[in-house]
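Okay, structure first, notes after.
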Amino acid sequence: MTKSSKETVQKGESGARASREPSMISKLYLILYNGVQTIGWSYILFLLISYYTIRITDVTLWEYLGVPLLIFQNGAILEIIHAAIGIVRSNVLITTFQVFSRVMVVCGVLLATPTAIFSPGLPLALLAWSITEIIRYGFYVLNIIKHVPHFVTFLRYTTFIILYPIGVTGELLCFYWAQSYAKGNTIWTLSLPNAANFTFNYYYFLWIIMLAYIPLFPMMYMHMVSQRKKVLGSGVKCKSS
């Protein structure tokens, strides 16, 4: 290959890398979004800890922190849009599953049924979610400004080993507490005959989701193990997301 050809290839590669870099406006937006989410989940963790240390008994845990949980968990839906339009380099399918599973727990289980809020899985899920999200969103902010301390990278790609199983256990317990209510009630259930000629049973739907965790949990967990090896094992520079 001639010198001019090499220069052309190098310029092309540089141009391709530059085109994949988010614009300044996108970076500022992502810093704001991830920063707000970091603060929001820090507040949720503070409320979770204070609920049990102060021993608040006049309201349920859901009543105590349900509103900020709804706001910041549903705010994660924007991450699907971020991946879909390409301002972050996340896998759209994986991002959609991760976001949907939690939104389903918050809106389709905790908000929809009066039994799930008393599940022992709720504090488990909240603990795992809040610590994970504080680290994850904080990491994204630091990564965008290209100043990520090694210990933050280590936490980002290591804490899931314990927190992810805890979070999934909490989610499944919330689903289980919800299905007992859905079984005896017609919540979100559409029976035949109806104008749409379509039937939907929310009780069975909850069980389908719970059973879906069997193949999906190992797949997602091994994906994160793979990411950990790629980043911590080989020293490859972390991507913003």
Restricting attention to segment 41-88, the residues that are touching a His at 6+ places or on another chain (Cβ under 7 Å) and either hydroxyl-bearing (Ser, Thr, Tyr) or at positive phi (or both) number exactly 0
Would you be able to tell me the number of residues in segment 43-65 that are of a type in the set (A, V, I, L, M), assigned to a helix (DSSP H, G or I) and over 16 Å from PRO120 (Cα atoms)?
3
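Yes/no per residue for (1) in a loop (DSSP other than H, G, I, E, B); (2) modelled with pLDDT under 95; (3) within 25 Å of the chain's Cα centre (by Cα); (4) among the acidic types (Asp, Glu):
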{"residue": "PHE198", "(1), (2), (3), (4)": "yes, yes, no, no"}
{"residue": "TYR203", "(1), (2), (3), (4)": "no, yes, yes, no"}
{"residue": "LEU211", "(1), (2), (3), (4)": "no, no, yes, no"}
{"residue": "PHE217", "(1), (2), (3), (4)": "no, yes, yes, no"}
{"residue": "MET220", "(1), (2), (3), (4)": "no, yes, yes, no"}
The lone exception for PRO68 - which of (1) surrounded by fewer than 13 Cβ atoms within 10 Å (Cβ to Cβ); (2) assigned to a helix (DSSP H, G or I) it fails:
(1)
List every residue pair whose Cβ atoms lie under 7 Å apart, where the two residues are 6 or more positions apart in sequence or sit on different chains, the first residue falls within segment 108-134 and is assigned to a loop (DSSP other than H, G, I, E, B), and the second residue, located anywhere, is modelled with pLDDT under 95 and not hydrophobic (A, V, I, L, M, F, W, C).
THR113/TYR181; PRO114/TYR181; THR115/SER180; THR115/TYR181
How do the pairs read when you match residues in segment 171-183 that are on the phi > 0 side of the Ramachandran plot with residues anywhere that are of a type in the set (Ser, Thr, Tyr), using Cβ under 7 Å and keeping only pairs 6 or more apart or on different chains?
none
Within segment 73-107, track down each residue that is part of a loop (DSSP other than H, G, I, E, B) and free of Cβ contacts under 8 Å to residues at least 12 places away in the same chain.
GLY86, ASN91
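The values are calculated or read from the model by the stated rules, or taken from the named source; none is laboratory data. All of these numbers come straight from a predicted model, not from anything done at the bench. Methodologically, a virtual Cβ is constructed for each residue, glycine included, from the backbone with ideal geometry; neighbour enumeration extends over all protein chains shown.
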